[in-house]
Amino acid sequence: MSERNLRVGVLGCGQIAQAAHFEAVRKSRHAELHAICDLAEDLVERMALIHNPQRVYTDYAAMLGDPDLDAVIVAIADQFHVAMALQALAAGKHVLVEKPLGVTVEECERLRQEAAQQELIVQVGTMKRFDPGIAFARRFIDDEIGELLALKAWYCDSTHRYAMTDAVQPIIETSAASKRPAGDPKADRRRYYLLGHGSHLLDTARFLGGEIVAIRARLAEKFGAYAWFCEVEFANGALGQLDLTIAVRMDWHEGFQIYGEHGSVIGKTYNPWYFKGSDVECFSERDGQYHRLLGADAHFYRLQLEGFADTILAGAPQVGATAGDGTAAIRGLVAISRSVESGDWVRLADVTGGP
């Protein structure tokens, strides 16, 4: 590791910054909270009192002009992700951008290309890659399972999630001066759920199963609930089934099953705000045994930031989702949306626009 920490600026003092990123930076062994920035001056002042950054800004350009700043966490509304990330790259700063990477294929491709041209790190905040159980499953798949036959993955939000998360998250401070996207992004529930929740499901499926080349999806919409069931074709020839249901009338229900040449993997993932690693069992035909990791340290947001810092400061391989991964996830979400409309298979390479 480098002898110094990564000096991080957080753009946005809203819910995700307060619930996750401020604490993650402060707890990180490899980063420090150098700056925070938000248009709402009253919110910046309150967050500065709590989290004690080195510097505070209400002007993003001014923060990007800080020569001591190394990287920016973009923790604002989805519709602003790409524009703010591009500004950071233009200023020579690395970027950790909240999921989803963007809202259209075209803007994500532009950001991916710009990051490659600038030779700067862009990492997407699909932090489940840093769930120790999911990381354990990935290592088993890489090292032992051999050829993949099939993957099933499900992400089912619960009607009771807010009762659960309100009990563990900090009290979220708000401001009337905060900048919000035009209109109501939550009004189109299909699009909102696909971007906000489907991005996790798609990234986990790709992280464990490999590149997805085509999707066929169906959608059931009843009593205010939405269920997308998807057939998936992986580039390696494996078959896939994805279930995105919001919201189930039960506890949080998320996990995966993977069948391979030399073993299988079964995983149960918890509500992320509990910071509890997934329960994962990997069965190996080589020794006839199940292998299980405790995963006691499961602060996904802190682990994700430390991985980001390791890549920038020490040249470690990028474990977190790249701009290419984020773009592929958006392509997958658009393919789901288009397939629901047509009833046919949709190839990810052919899609344009947004979900």
Among the strands (runs of 3 or more DSSP E) confined wholly to the range 1-96, which include 1 or more residues that are more than 25 Å from Ser175 (Cα to Cα)? 6-11, 31-37, 71-74
Is it true that some residue in the range 188-204 is in contact (Cβ under 8 Å) with a residue 24 or more places away in the chain, under 21 Å from Glu341 (Cβ atoms) and touching an Asp or Glu at 6+ places or on another chain (Cβ under 7 Å)? yes
When you look at Glu254, is it in contact with a strand residue (DSSP E or B) (Cβ under 6 Å, 6 or more places away or on another chain) and of a type outside the set (A, V, I, L, M, F, W, C), yes or no? yes
Do we find a residue being touching a residue at least 24 places away in the same chain (Cβ under 8 Å), outside any strand (DSSP E or B) and buried (at least 18 other Cβ atoms within 10 Å of the Cβ) anywhere in the range 209-221? yes
Name the single residue that is nearest to the chain's Cα centre (by Cα) among those in the range 261-297 being outside any strand (DSSP E or B), in contact (Cβ under 8 Å) with a residue 24 or more places away in the chain and under 19 Å from Arg161 (Cα atoms). Pro272
Regarding the range 279-302, can at least one residue be identified that is within 18 Å of Ile73 (Cβ to Cβ) and not aromatic (Phe, Trp, Tyr)? yes
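Residue-by-condition table, conditions (1) in a helix (DSSP H, G or I); (2) among the basic types (Lys, Arg); (3) surrounded by fewer than 23 Cβ atoms within 10 Å (Cβ to Cβ):
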position: Leu151; (1), (2), (3): no, no, no
position: Asp157; (1), (2), (3): no, no, yes
position: Tyr162; (1), (2), (3): yes, no, yes
position: Asp166; (1), (2), (3): yes, no, yes
position: Ser175; (1), (2), (3): no, no, yes
position: Lys186; (1), (2), (3): no, yes, yes
position: Gly198; (1), (2), (3): yes, no, no
Any residue in the range 333-342 that is without any contact (Cβ under 8 Å) to a residue 12 or more places away in the chain, more than 16 Å from Ala137 (Cβ to Cβ) and touching a helix residue (DSSP H, G or I) at 6+ places or on another chain (Cβ under 6 Å)? no
Among the numbered criteria (1) in contact with a helix residue (DSSP H, G or I) (Cβ under 8 Å, 6 or more places away or on another chain); (2) buried (at least 23 other Cβ atoms within 10 Å of the Cβ), which one does His81 miss? (1)
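Sort through Val95, Val56 and tell me the only one that's surrounded by fewer than 21 Cβ atoms within 10 Å (Cβ to Cβ) and hydrophobic (A, V, I, L, M, F, W, C).
Val56
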Every pair of residues 6+ apart whose Cβ atoms lie under 6 Å, when the first sits in the range 161-183 and is more than 14 Å from Ala19 (Cα to Cα) while the second is among the small types (Gly, Ala, Ser) and surrounded by 12 or more Cβ atoms within 10 Å (Cβ to Cβ): Ser175/Ala40; Ala177/Ala40; Ser178/Ala40; Pro181/Ala77
If I go through the range 222-237 residue by residue, how many of them are touching a residue at least 40 places away in the same chain (Cβ under 8 Å), assigned to a strand (DSSP E or B) and either farther than 23 Å from Gly353 by Cβ or outside the structural domain of Trp345 (by TED's automatic domain parsing) (or both)? 1
Going residue by residue through the range 314-324, is there one that turns out to be part of a loop (DSSP other than H, G, I, E, B), under 18 Å from the mean Cα position of the chain (by Cα), more than 25 Å from Glu147 (Cβ to Cβ) and touching a residue at least 24 places away in the same chain (Cβ under 8 Å)? yes
Hey, among the residues in the range 27-47 that are without any contact (Cβ under 8 Å) to a residue 40 or more places away in the chain and under 26 Å from the mean Cα position of the chain (by Cα), which one's farthest from Lys179 (Cα to Cα)? Glu32
Can you spot a residue in the range 238-246 that is under 30 Å from Ala31 (Cβ atoms), touching a residue at least 40 places away in the same chain (Cβ under 8 Å), crowded, with 17+ Cβ neighbours inside 10 Å and of a type in the set (S, T, N, Q)? no
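The values are calculated or read from the model by the stated rules, or taken from the named source; none is laboratory data. Everything numeric in this text was worked out from a predicted model, so none of it was measured. Neighbour counts run over all protein chains shown; Cβ positions are idealised from the backbone, glycine included.
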